[in-house]
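Working notes, beginning with the structure itself.
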Amino acid sequence: MIQVAVAVIEDAEARVLLAKRPDHLHQGGLWEFPGGKLEPGEDLAQALRREIGEELGLELGAYRPLIQVRHDYGDRQVLLDVQQVLHWQGQARGLEGQRLAWVAREQLHLYPMPAADRPIIQALRLPGCYLIASPESLQIEPFAQRLQAALQAGVRLVQLRLPPNCPAQTAVALLQRAQRLCRSAGARLLINSRLASQLADMPAAGTNAALGLHLNSADLMALDHRPSLAGPVAASCHNPEQLAQAAQLGLDFAVLSPVLATASHPDARPLGWEVFARWVAEARLPVYALGGMNPGLLHQAWEQGAQGIAGIRGLW
């Protein structure tokens, strides 16, 4: 296993820096996020700063974990330890003769990349918090007010999860209101698979390009291909097998739970951060931590390999 320190560097216009691999190297001719392998005796921080200095002439300031990616190319296995750079100084130059490009996030998929780099693109598209909007009452206005407050606080990824006894017409009304609010805020909205089944035969529900699907674990394991949707597709997972299935299907992200004890599921045995980190290290897609989460735990979740935190009460 070759461990590689990788930096995601953005400029003031939120463009991401890519470098083109020389043709004679492994995966040559493809674009990649800059970085390089750890030398003997180096830790991640030392390798990251050395590689970025040698390759680009930049001095790194603060950074945080973004994602770890393990990939088997057949002739070699790599572990990409990806850090999102928060502060840096200097002017990026291809000091090793490599071509550089500053690319908008929404255009990253247009650049041919090694397979191991592709999950990084998805991690960059996702925010740190995933709100599970599960109204305690089915009154539309109180729900809309709480969702509006969350969106104003910065939430940009929302799952609408309704109780099984929610009347169909109420479900449609809640969905339509959530769609309008999320669209206005520039947030992405997913509905869980139970609600999707309930609304499948109701054209009045309406959809838009931002609407995605969140699968429960049973629905996830029953699939043999990714649902054909324009919006994101995610899944709830509780073990490594389910995380592997989510990655195999090419889902956009997963939620792993319960990490900590929760009031909503007092009988569930929490995984704890150690198990969570071990399972996520083997996952091949971004994973949110769910269960006992609140914004104060976001940095800890990042340190344990999570994309971020997901929650109901902690984010409402």
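The values are calculated or read from the model by the stated rules, or taken from the named source; none is laboratory data. Since this is a predicted model, take the numbers as computed values, not measurements. Positions of Cβ are backbone-derived with ideal geometry, glycine not excepted, and every protein chain shown enters the neighbour counts. To get the accessible areas, we keep the full protein, side chains included, count just its heavy atoms, and leave off ligands, DNA and RNA. Shrake-Rupley method; radii C 1.70, N 1.55, O 1.52, S 1.80 Å.
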**Message:** Looking at segment 131-154 only, could you name the residues that are among the aliphatic types (A, V, I, L, M), touching a helix residue (DSSP H, G or I) at 6+ places or on another chain (Cβ under 8 Å), surrounded by 16 or more Cβ atoms within 10 Å (Cβ to Cβ) and modelled with pLDDT of 90 or more?
**Reply:** L131, A133, A144, L147, L151
**Request:** Identify the residue in segment 259-296 that is of a type in the set (A, V, I, L, M, F, W, C) and free of Cβ contacts under 8 Å to residues at least 24 places away in the same chain and, among all such residues, is surrounded by the most Cβ atoms within 10 Å (Cβ to Cβ).
**Result:** L271
**Item:** All positions within segment 228-283 that are within 17 Å of the chain's Cα centre (by Cα), small (G, A, S) and closer than 20 Å to G311 by Cβ
**Value:** A234, A235, S236, A246, A254, S257, A277, A283
**Prompt:** Are any residues in segment 115-162 part of a loop (DSSP other than H, G, I, E, B) and within 16 Å of I67 (Cα to Cα), and if so, which ones?
**Reply:** L126, P127, G128
**Message:** Kindly evaluate Q91 against the criterion of being open to solvent by 80 Å² or more (accessible area, probe 1.4 Å), in contact with a Leu (Cβ under 9 Å, 6 or more places away or on another chain) and either more than 26 Å from V280 (Cβ to Cβ) or in contact (Cβ under 8 Å) with a residue 60 or more places away in the chain (or both).
**Reply:** yes
**Message:** Please count how many residues of segment 49-63 are closer than 27 Å to Q307 by Cβ, in a strand (DSSP E or B) and open to solvent by 40 Å² or more (accessible area, probe 1.4 Å).
**Reply:** 1
**Asked** For segment 102-120, which residues satisfy the criterion of being out of contact with any Gly (no Cβ under 9 Å at 6 or more places or on another chain) and open to solvent by 20 Å² or more (accessible area, probe 1.4 Å)?
**Response** W102, A104, R105, E106, Q107, H109, L110, Y111, A115, R118, P119
**Item:** Subset of segment 73-106 (residues that are outside any loop (DSSP other than H, G, I, E, B) and within 25 Å of Y288 (Cβ to Cβ))
**Value:** V78, L79, L80, D81, V82, Q83, Q84, V85, A104, R105, E106
**Prompt:** Taking segment 36-67, which residues are basic (K, R) and without any contact (Cβ under 8 Å) to a residue 40 or more places away in the chain?
**Reply:** K37, R49, R50
**Message:** Would you confirm, using the coordinates I've provided, whether R194 is closer than 21 Å to H238 by Cβ and in a helix (DSSP H, G or I)?
**Reply:** yes
**Request:** Give me a count of the residues in segment 147-166 that are in contact (Cβ under 8 Å) with a residue 12 or more places away in the chain and either β-branched (V, I, T) or farther than 21 Å from L215 by Cα (or both).
**Result:** 8
**Request:** Identify all residues within segment 222-243 that are in contact with an Asp or Glu (Cβ under 8 Å, 6 or more places away or on another chain) and surrounded by fewer than 18 Cβ atoms within 10 Å (Cβ to Cβ); write none if there are none.
**Result:** P240
**Message:** Against the conditions (1) open to solvent by less than 20 Å² (accessible area, probe 1.4 Å); (2) modelled with pLDDT of 95 or more, where does V69 fall short? Just the number, please.
**Reply:** (2)
